[in-house]
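All remarks here apply to the structure that follows.
Quick note: the coordinates plus some simple rules give every number you see, no bench work behind them. Not measured: the values here are computed from a predicted model. Cβ: placed from backbone, ideal geometry, glycine included. Neighbour counts: every protein chain shown.
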């Protein structure tokens with residue numbers, strides 16, 4: 001197969017949202033899988049540490065290591081500029097608490113709206129997210 | 001007005017210095033994402049899907065200067081989001097110019113009139129206006145009516161004031177090659193310095209997943225667009241990169257050639273993929289598993305990518321890598337790529353772009369936009 005035969009990748013923009021999900025973190029495999037999904041998630045998450053402290057924010061990085069103690073996520077808290085690095089081993093609970101900003105948006109939805117608006121003689125403009 | 005000789009000289013001597021120093025991985029351009037927020041919600045963009053508190057943040061001028069100096073790259077590209085939304089964008093551009101960097105400020109031009117007083121014409125500053133094609137195509141692409149007109153007005157204003165101006169066009173599946181060629185005639189007639197074009201890439205989070213170009217489709221589209229060129233067309237891009245787009249050359253990706261810096265740090269591995277962040281440029285270079293990316297890696301996320309941020313540095317490296325590369329580049333600069341087969345394919349092509357065909361009958365109900 002030549003490189004020119006390559007087909008488009010999966011329709012990631014239309015996958016199911018994880019918003020509201022509270023994963024089980026019983027095994028190492030579950031912890032790693034959940035945190036990989038949290039890294040990929042375009043919304044805030046809430047992490048509860050084993051010492052009871054809670055951080056809500058956006059996971060912008062993760063560094064998987066050989067052990068849970070050597071693995072960590074990096075979080076930009078919602079209400080602070082102080083980034084936090086949290087070892088996987090210190091995480092007691094995880095919730096996909098914030099709105100998934102990538103969910104439910106697809107080309108099909110856009111083009112349907114475009115044609116509906118045009119047919120009605122209305123503006124088809126899309127507004128960006130508000131930042132307030 | 002062509003690219004200034006001083007800029008070509010700066011880039012050429014920079015690349016040669018890196019080669020003489022034996023530096024294996026060096027940046028050519030830094031993509032400085034000063035913020036993520038935008039005043040448009042383009043269907044093909046995957047850069048703006050973040051929580052509100054992330055969208056409200058932005059790089060400080062000092063963070064911008066530190067990152068650019070750390071990288072050593074001679075050119076800085078400021079994309080977004082929309083960089084003119086940054087309250088200190090004038091200061092950032094001025095500071096980069098003071099450091100001898102050639103700055104390409106990429107904007108949709110909606111705020112240009114009210115922000116233009118922040119900038120002075122300079123050989124170091126180029127406004128790169130986002131224009132994806134003719135009026136209907138562009139307005140559809142950025143999901144806002146009237147945007148094409150505003151961009152055209154902005155180009156006229158910038159040229160009148162003596163600024164360097166280029167256009168930047170992303171082409172998606174369904175682009176009409178005849179329309180694209182007409183569009184290129186139009187912008188060159190306006191007097192822009194050059195044009196930049198690139199295939200759209202399927203950002204994992206981009207809403208428009210179905211219209212990104214696979215490699216075979218992209219090559220055929222670019223062959224039809226870029227063969228049999230008008231004499232007036234000029235590109236602010238490597239001529240060998242354009243040959244790559246036309247399928248005349250094959251390159252492997254050079255993701256470190258145009259690295260990205262934003263509020264999270266240095267993005268691994270490239271402008272398009274987000275596989276984590278490094279806190280310093282050196283950490284990006286040293287700790288990214290580069291073998292995991294590019295066509296040859298087998299990484300499915302890389303297989304369809306032909307985007308300039310990965311392949312233009314490969315083309316530049318080819319130019320300066322051998323005498324043959326230099327000769328090929330010199331030839332390419334004067335080549336109109338006469339190709340009767342491409343012309344025939346162009347004449348026969350009957351592409352009906354998405355904005356010109358009503359597909360509602362085929363569409364199942366889905367979640368809607370706002």
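Shown is the FRET efficiency for residue A:120 and residue B:20, computed with R0 = 45 Å from the Cβ-Cβ distance and rounded to the nearest 0.05: 0.10. Label zone of residue B:326 (point 7 Å out along Cα→Cβ, amide N under 15 Å): in segment B:3-19 this covers B:9-19.
How large is the Kirkwood hydrodynamic radius of segment B:1-120, in angstrom, based on all distinct alpha carbon pairs?
Details: mean 1/r = 0.0639 Å⁻¹.
This gives a value of 15.7 Å.
Sorted fewest first by neighbouring Cβ atoms within 10 angstrom, A:42, B:181 come out as B:181, A:42.
Averaging the Cα positions of each part gives two centres, and for segment B:98-114 and segment B:257-328 these lie 24 Å apart.
Tell me the mean residue ellipticity at 222 nm calculated for the protein assembly as shown from its helices only (DSSP H runs of n ≥ 4, each -39500 (n - 2.57), averaged over every residue, nearest 500). If you can, show how the numbers build up before the last one.
Details: 16 runs with 168 residues, N = 502.
One gets -10000 deg cm²/dmol as the mean residue ellipticity at 222 nm.
Modelled spin labels at residue A:127 and residue B:88, positioned 7 Å past Cα toward Cβ, are 3.0 nm from each other.
As a proxy for reagent exposure, ranking B:10, A:53 by other Cβ atoms within 10 Å from fewest up yields A:53, B:10. So, R0 is 22 Å and r is the distance between the beta-carbons of residue B:178 and residue B:145; what FRET efficiency does that work out to, to 0.05? Efficiency for this residue pair is about 0.45.
Among B:348-354, A:85-91, how do they line up from the highest to the lowest mean number of other beta-carbon atoms within 10 Å?
Working: B:348-354: 13.4, A:85-91: 17.0.
With the highest mean Cβ count within 10 Å placed first, the list reads A:85-91, B:348-354.
Among beta bridges identified by DSSP and lying wholly in the protein assembly as shown, the antiparallel ones come to about 50 percent. Full extension of the chain between residue B:99 and residue B:69 yields a length gain of 10.0 nm, computed as 0.36 nm times the residue separation minus the alpha carbon distance. Using the Cα gyration tensor of segment B:68-154, with a ≥ b ≥ c the square roots of its eigenvalues, what is the shape: rounded (a/c below 1.5), prolate (a/b larger than b/c) or oblate (neither)? Prolate shape, in that a/c is at least 1.5 and a/b is the bigger ratio. Computing Rg and the Kirkwood Rh from the Cα coordinates of segment A:19-112 gives a ratio, Rg/Rh, of 1.03.
Under 16 Å from a label point set 7 Å out along the Cα-to-Cβ vector of residue A:46, the amide N atoms of segment A:74-105 belong to A:77-79, A:92-100.
State the dimensionless ratio Rg/Rh of chain B (Rg: radius of gyration of Cα atoms; Rh: Kirkwood radius). Intermediate values should be presented prior to the final figure.
Details: Rg = 19.7 Å, Rh = 21.1 Å.
Ratio value, two decimals: 0.93.
For the pair residue B:232 and residue B:153 in one chain, pulling the backbone fully straight at 0.36 nm per residue adds 26.3 nm over the alpha carbon distance. Hydrodynamic estimate: the Kirkwood radius of segment A:65-132 over Cα pairs, inserted into Stokes-Einstein at 10 °C and 1.306 mPa s, corresponds to D of 98 µm²/s.
Mean partner shielding of peptide A:113-122, defined as the number of other chain Cβ atoms within 10 Å of each residue Cβ, is 3.
Here chain B carries DSSP beta bridges of which approximately 20% are antiparallel, counting only pairs with both residues inside.
Computed over the Cα atoms of segment B:261-328, what is the ratio Rg over Rh, Rh following Kirkwood? Kindly include the intermediate steps, with their values, before the conclusion.
Values: Rg = 13.9 Å, Rh = 13.4 Å.
Computed over Cα atoms, the ratio is 1.04.
Please give the FRET efficiency for residue B:338 paired with residue A:54, using the beta carbon to beta carbon distance and R0 = 45 Å, rounded to the nearest 0.05. Efficiency for this residue pair is about 0.10.
For the residues of A:51-63, the average number of beta carbons from a partner chain within 10 Å of their own beta carbon is 3. Counting other Cβ atoms within 10 Å as a rough exposure proxy, the listed residues B:261, B:293 run B:293, B:261 from fewest neighbours to most. Remark: mean inter-chain Cβ contacts per residue of B:134-147 equal 2, using a 10 Å Cβ-Cβ cutoff to other protein chain atoms. Modelled label positions at residue B:136 and residue B:60, each set 7 Å beyond Cα in the direction of Cβ, lie 5.0 nm from each other. The gain in end-to-end length when the residue B:349 to residue B:122 segment is fully stretched comes to 77.5 nm, 0.36 nm per residue minus the alpha carbon separation.
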